[in-house]
Amino acid sequence: MHLALQQADCDVQMAEWDDPKVDWASFDIALLRSAWDYAERITEFLAWMEQASKLTHVLNPLPLVRWNTDKHYLAQLAAAGVSVVPSTFIEPGDDPEAAVRRFLDLHRQAELVVKPAVGAGSRDAARHRRVELGAAVAHARRLLDANRSVLLQPYLERVDRDGETALMFFEGRFSHAIRKGPLLPPGGTATAGLFAAETITPRVPGAREMRLAEKVVAAVPFGTPLYARVDLIRDDSGAPCLLEVELSEPSLFFAHAAGSAEKFTAAVLRWFEAHGK
């Protein structure tokens, strides 16, 4: 990405979002690329976004990032008719055991996933067998005790065979896709690092995956995002459904699609020509 921007005659500098010495007003655009510590510092990160957005063009923009960094957006997309992995939220102050029991009564899959509603990568996410209720409840309680909302989802078994399909969009148009192998081992503890081990390969999405991903991007509020990554998995019938949409700091897997970094660079320059001057 860095090289593609330089080859387009852009003056490029890597900067840490929380570095107080950075003069954000000196940049025409600040592209969010790997601010992966935002989840543990969400209030501080959004405050920085608000301040930096007064000084330069931060992309994707603040309203979109504020919406996307909290997975409660899944409920909004489901209400808009998007096929979403069934998602239930537990809020601080709720009884985690009662909430997990209600969830298991509604969903008959053998396992469930517990993760924070504000989280990056696979950190603090884990897969639990439904017969091990205590582990799932304890996981949810740890997050709630840290004043973090919790997301419960059924573990869809086809992930073990099909993995995830991640589709990249620039300016609302499809660019390329990759396959991610399953990330959460059965019976594993919550991931302490940012990511679980990943196996990434290029993938050509199916027609149904493409239609759903396009519907997701069209349903995103605040206008067409400059960049989006739509992560899909298959339900028990084989139909694709949305796991999450990444609009804030996603890996875009340029190395797995020749020319994709140049395509994204062209999108950035078109955005600046239209909005940045």
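The values are calculated or read from the model by the stated rules, or taken from the named source; none is laboratory data. The model shown is predicted, which means the values in this text are computed figures rather than measured ones. We place every Cβ from the backbone using ideal geometry, glycine too, and count neighbours over all the protein chains shown. The protein model used for the area step is the full one, side chains on, heavy atoms only, and it has no ligands, DNA or RNA in it. Shrake-Rupley method; radii C 1.70, N 1.55, O 1.52, S 1.80 Å.
For the stretch 203-252, how many residues meet the condition of being β-branched (Val, Ile, Thr), under 14 Å from Val85 (Cα atoms) and not in a helix (DSSP H, G or I)? Final tally of qualifying residues: 3. Answer yes or no: is there a residue in the stretch 90-113 that is within 18 Å of Arg158 (Cα to Cα) and among the charged types (D, E, K, R). Within the stretch 90-113, one or more residues are within 18 Å of Arg158 (Cα to Cα) and among the charged types (D, E, K, R).
Looking only at the stretch 253-277, count how many residues are of a type in the set (Gly, Ala, Ser) and outside any helix (DSSP H, G or I). Write out each step before concluding.
Here is the first cut: in the stretch 253-277, the ones of a type in the set (Gly, Ala, Ser) are 255, 257-261, 266-267, 274, 276.
Now narrow it down to the ones that are outside any helix (DSSP H, G or I): 257-259.
Number of matching residues: 3.
Yes or no: the stretch 31-45 includes at least one residue that is touching a strand residue (DSSP E or B) at 6+ places or on another chain (Cβ under 9 Å), open to solvent by 40 Å² or more (accessible area, probe 1.4 Å) and more than 23 Å from Arg229 (Cα to Cα). Let's see the steps before the verdict.
Going through the stretch 31-45, the residues touching a strand residue (DSSP E or B) at 6+ places or on another chain (Cβ under 9 Å) turn out to be 31-32, 36, 39-40.
So of that shortlist, the ones also open to solvent by 40 Å² or more (accessible area, probe 1.4 Å) come out as 31, 36, 40.
With the extra rule that they be more than 23 Å from Arg229 (Cα to Cα), the set shrinks to none.
No, there is no match, as no residue in the stretch 31-45 is touching a strand residue (DSSP E or B) at 6+ places or on another chain (Cβ under 9 Å), open to solvent by 40 Å² or more (accessible area, probe 1.4 Å) and more than 23 Å from Arg229 (Cα to Cα).
Entry remark, the stretch 120-135: residues being assigned to a loop (DSSP other than H, G, I, E, B) and under 25 Å from Ser34 (Cβ atoms) number 5 in total.
Of the residues Glu40, Glu91, which is more than 17 Å from the chain's Cα centre (by Cα) and of a type outside the set (Gly, Ala, Ser)?
Numbers: Glu40 fails: more than 17 Å from the chain's Cα centre (by Cα).
Criteria check complete, one pass: Glu91.
Could you grab the pairs with beta carbons closer than 8 Å, sequence gap of 6+ or different chains, first residue in the stretch 87-110 and farther than 16 Å from Asp235 by Cα and without any contact (Cβ under 8 Å) to a residue 40 or more places away in the chain, second one hydroxyl-bearing (Ser, Thr, Tyr) and open to solvent by less than 50 Å² (accessible area, probe 1.4 Å)? Qualifying pairs under 8 Å: Arg102/Thr88.
If we only count helices (runs of 4 or more DSSP H) wholly inside the stretch 53-111, which ones have 3 or more residues that are in contact with a strand residue (DSSP E or B) (Cβ under 7 Å, 6 or more places away or on another chain), open to solvent by 50 Å² or more (accessible area, probe 1.4 Å) and within 27 Å of Ala267 (Cβ to Cβ)? Steps first, please.
Numbers: elements: 62-68, 73-79, 96-106.
Passing ranges: none, list empty.
The conditions of being modelled with pLDDT of 95 or more, of a type outside the set (Lys, Arg) and under 20 Å from Glu249 (Cα atoms) are met by Phe27.
Give Thr191, Thr265 a once-over and let me know the one that is modelled with pLDDT of 95 or more and crowded, with 18+ Cβ neighbours inside 10 Å.
On the way: Thr191 fails: modelled with pLDDT of 95 or more.
One residue alone meets the criteria, Thr265.
Pull up the stretch 146-157, narrow it to residues that are farther than 18 Å from Pro86 by Cβ and touching a residue at least 12 places away in the same chain (Cβ under 8 Å), then point me to the one that is surrounded by the most Cβ atoms within 10 Å (Cβ to Cβ). Step by step, filter the stretch 146-157, then rank; the result is Arg148.
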